[in-house]
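One structure is given below, encoded as structure tokens.
What follows is calculated from the coordinates using simple rules that are stated; it is not laboratory data. Nothing here was measured: the structure is a model prediction, and the numbers come from that model. Don't worry about glycine lacking a Cβ; one is built from the backbone with ideal geometry, like all the others, and counts go over all protein chains shown.
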Amino acid sequence: MSTAAVDLPGSLIHPFAPAGRRDPYPAYRWLQTNVPVHHDRFSGMWLVTGHAACSALLRDARFSAALGQRERARDDALPVSMLTTDPPDHHRLRAPGGLLLGPAALRSVSEGLRQDVDTLVSGLAARDAEPDAIRDLGTPLATAVFGRLFGLPPQEHAAFTDLARAASVNLDPMAPPASAARGRLAASALTHYLDAHARALAAGDDDTSPLAALAADQRLERHEMLGILSLAVIGGWGPLAETVGNGLLWLLPEGPAVRRRITEDPEFARTCADELLRLEAPIPFAARVTTESVELPGGRVPAGARVLAVIAAANRDPAVFTEPDRLVPDRVPNPHLAFGAGPHFCLAAALVRQVLPTLLARLLDRFPGLRGPDVTPAFRPTLIPRRLTAYPLRLGRDDAYDA
Ligand code: HEM
């Protein structure tokens, strides 16, 4: 195998070119097979596409997340957080981060979130116009999750949604300079908003939100606490919102047997939700910089290299997943990397693994005949590929899957 900066064959579109973003998977598969550790001339980055190599590098301290984020932010405007630090400083921030996203926090918001999901699903039928999975499910679900974690009253949800959406551009490791600059302004506006909100909570006397617990923790400086909150929003709001549309895109072609099992068997619903995350990794890349030259399965990366672990490619590596491009709703085991791996493993994985299956089960229970559009929906042309702009839903009969 070669690690040279070879070009893709002419028949394949580069995964970062506008047309390639609609379907980067053929190019990923070619890279995986031919140059799993690839120096990409287009971006100047090393693209690591094999599952074994991605899994190894995410766990390897010689691949620095702190340097990976610094390369992106350039002017250091992004707040300090777990993702901008390496061990041991990383652990100092991640431990209190558990107050926001750990098991006790999750228990405290679970019942409220179940109610939020019910409200969203019931609200679909009450709409005059055709419901849309992005506008009416994914976006309000993501905001509801942060509403519960942060103790945001419903009247704040619209303002928070606007801020979160604007700040989400910071997730794109190669946003063009103008949108990256707008993203940093939005991140700063978000931080100010969260600062004011946390102060208002602290001035009240009955707030029990996970945010209040984090804000009261003495281990963190104020700017560190705010950095953790911003990271959660920038890293979590968009991916969660988008997972719903992308997941339904894969799930709704399934017939009554799978649909019914999702509503009746919570374990199956969780397994199926994980498979949806595998197929369309909501965070398709993790950025790192090497502190020294490292040999990975499939090739060597030099010191000081900007590296992207291409999670979306690893999740469809045929060496690990049989029928990698197909939805296998009961796929077990499913060692996908959608939540990352190693020290930066997503702190909210348990929360997402609770909310997403709950939504799918409630949705298919209420609307067993739910369908997507007949035409292929449009994808946003952003670097984070295959994000739907809209996904109209047809609710179908209430009582049966009318196949
Ligand atoms: C479908 C939804 C989500 C997916 C697929 C996802 C995926 C990921 C991935 C891949 C990472 C590792 C990034 C890296 O190693 O560079 C990560 C980290 C993180 N995620 Fe998530 N995430 C999701 C939702 C959320 C939500 C909703 C929150 C917060 C409420 C959140 C909070 C975090 C935090 C705090 C980290 C940093 C952990 C650390 O650096 O130690 N995520 N996530």
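D for the chain, whole µm²/s, Stokes-Einstein with Kirkwood Rh over alpha-carbon pairs at 20 °C and 1.002 mPa s: what number?
Stokes-Einstein gives a translational diffusion coefficient of 98 µm²/s.
Given axes a ≥ b ≥ c from the Cα gyration tensor, I'd like to know whether segment 81-164 is rounded (a/c under 1.5), prolate (a/b larger than b/c) or oblate.
Cα axes put segment 81-164 in the prolate bin.
Along the charge dipole of the chain, pointing to its positive end and built from +1/-1 on Cβ of Lys, Arg, Asp and Glu, which listed residue (Pro88, Val48, Gly102) has its Cα farthest out?
Val48
Over its Cα atoms, what ratio of radius of gyration to 2.2 N^0.38 Å does segment 187-300 give?
Normalised by 2.2 N^0.38 Å, the Cα Rg of segment 187-300 equals 1.53.
Assigning unit charges at the beta carbon (Lys, Arg +1; Asp, Glu -1) and nothing else, what dipole magnitude in debye, to the nearest 20, does the chain show about its Cα centre?
740
Within 10 Å of each candidate Cβ there may be at most 14 other Cβ atoms; applying that plus a DSSP loop requirement, which trypsin sites (Lys or Arg not before Pro) in segment 131-224 survive?
Counting only loop positions with at most 14 other Cβ atoms within 10 Å, the trypsin sites (Lys or Arg not before Pro) in segment 131-224 are Arg219.
Where does the charge balance sit around Phe379 when Lys and Arg score +1, Asp and Glu -1, over other residues with C-beta under 12 Å from its C-beta?
Combined, the nearby Lys, Arg, Asp and Glu give +2.
May I ask you to list, by number, the DSSP H helices of the chain whose Cα span along the axis is at least 24 Å and whose average Kyte-Doolittle hydropathy reaches -1.0 or more?
103-126, 177-203, 222-251, 349-366
How big is the gap, in Å, between the Cα center of segment 283-314 and the Cα center of segment 133-185?
The two parts, judged by their Cα centres, are 28 Å apart.
Can you list, bin by bin at 5 Å, the percent of alpha carbon pairs in segment 247-403, starting at 0?
2, 8, 15, 18, 19, 16, 10, 6, 3, 3, 1, 0, 0
Relative contact order for the chain: what is it in percent, counting Cα pairs under 8 Å that are at least 6 residues apart?
Over the chain, the number comes to 26 percent.
Any idea what the alpha-carbon Rg over 2.2 N^0.38 Å comes to for segment 11-73?
Relative to the rule-of-thumb radius for its length, segment 11-73 sits at 1.21.
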